[in-house]
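Take a look at the structure set out below.
The values are calculated or read from the model by the stated rules, or taken from the named source; none is laboratory data. Just so you know, these numbers come straight off a predicted model, no measurement behind them. Positions of Cβ are backbone-derived with ideal geometry, glycine not excepted, and every protein chain shown enters the neighbour counts. Calculation scope for accessible area: heavy atoms of the full protein, side chains included, ligands and nucleic acids excluded. Shrake-Rupley method; radii C 1.70, N 1.55, O 1.52, S 1.80 Å.
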Amino acid sequence: MLAPDAREQFRSDFSDNSFLRYATRMASPSEWEPGVRADGRVSYRATRANGIRVLEVSTEFVWAYPFDVDLRAPAGASVVALRDRVVWQVAHPDDAPASARGLWITSAEAVTWNADCDALRDGWVHEQFWVAEVHRDRIPAGDPGTIFDLDAPAPTTTRC
């Protein structure tokens, strides 16, 4: 689905782990639970970029990834949330050479909640580890704020 000319950008993103703005790589399957949930919206418009007709698709989603944690942990400690906003463009086939046809990302941003920072730096999504003696009845990441509310602005800061 990616434009051949865009693939080098994607290779670079995956080599330096900056792809988390638009793609997710999960920690070991034995550590996460089935049942990923998502809520979001998609909008699109016809526009021009550099004189080329393009279909621009904007997505904003909140992804909730459940992990297998200590049963004593408070509700929410097993969930990692990732909220992303990505703008994709697809060139009109009559306006672009074959190598430029397909998906391009023009912007991408993401924030996380309750994600382990070391794992994120290594390119993996994993929950912050809940420790009964340390966290007691608290979620390690604290209050999720507006990360789950698509009608509110996305949080502008993240712990990692």
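Structure summary
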| read-out | value |
| --- | --- |
| Asp13 being surrounded by 11 or more Cβ atoms within 10 Å (Cβ to Cβ), modelled with pLDDT of 90 or more and not in a strand (DSSP E or B) | no |
| Scope segment 113-160; condition charged (D, E, K, R), within 15 Å of Ala75 (Cα to Cα) and either modelled with pLDDT under 90 or part of a loop (DSSP other than H, G, I, E, B) (or both); matching residues | Arg136, Asp137, Arg138, Asp143 |
| The listed residue being of a type outside the set (S, T, N, Q), out of contact with any Cys (no Cβ under 7 Å at 6 or more places or on another chain) and assigned to a loop (DSSP other than H, G, I, E, B), out of Ala96, Ala110 | Ala96 |
| Residue satisfying condition, being in contact with a strand residue (DSSP E or B) (Cβ under 8 Å, 6 or more places away or on another chain), outside any loop (DSSP other than H, G, I, E, B) and within 27 Å of Gly35 (Cβ to Cβ), within set Trp104, Trp88 | Trp88 |
| Members of segment 84-133 that are at positive phi and surrounded by fewer than 20 Cβ atoms within 10 Å (Cβ to Cβ) | Gly102, Gly123 |
| Output for segment 107-131, where each listed residue is in contact with a strand residue (DSSP E or B) (Cβ under 9 Å, 6 or more places away or on another chain) and either among the aromatic types (Phe, Trp, Tyr) or within 23 Å of Pro153 (Cβ to Cβ) (or both) | Ser107, Ala108, Glu109, Ala110, Val111, Thr112, Trp113, Asn114, Ala115, Leu120, Trp124, Val125 |
| Val62 vs. criteria open to solvent by less than 60 Å² (accessible area, probe 1.4 Å), out of contact with any Ser or Thr (no Cβ under 9 Å at 6 or more places or on another chain) and either acidic (Asp, Glu) or in a strand (DSSP E or B) (or both) | yes |
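Listed here are the residues, each with its yes/no results for (1) in contact with a helix residue (DSSP H, G or I) (Cβ under 9 Å, 6 or more places away or on another chain); (2) open to solvent by 40 Å² or more (accessible area, probe 1.4 Å); (3) assigned to a helix (DSSP H, G or I).
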position: Gly35; (1), (2), (3): no, no, no
position: Ser43; (1), (2), (3): no, yes, no
position: Arg48; (1), (2), (3): no, yes, no
position: Leu55; (1), (2), (3): no, yes, no
position: Val69; (1), (2), (3): no, no, no
position: Ala77; (1), (2), (3): yes, no, no
position: Leu82; (1), (2), (3): yes, no, no
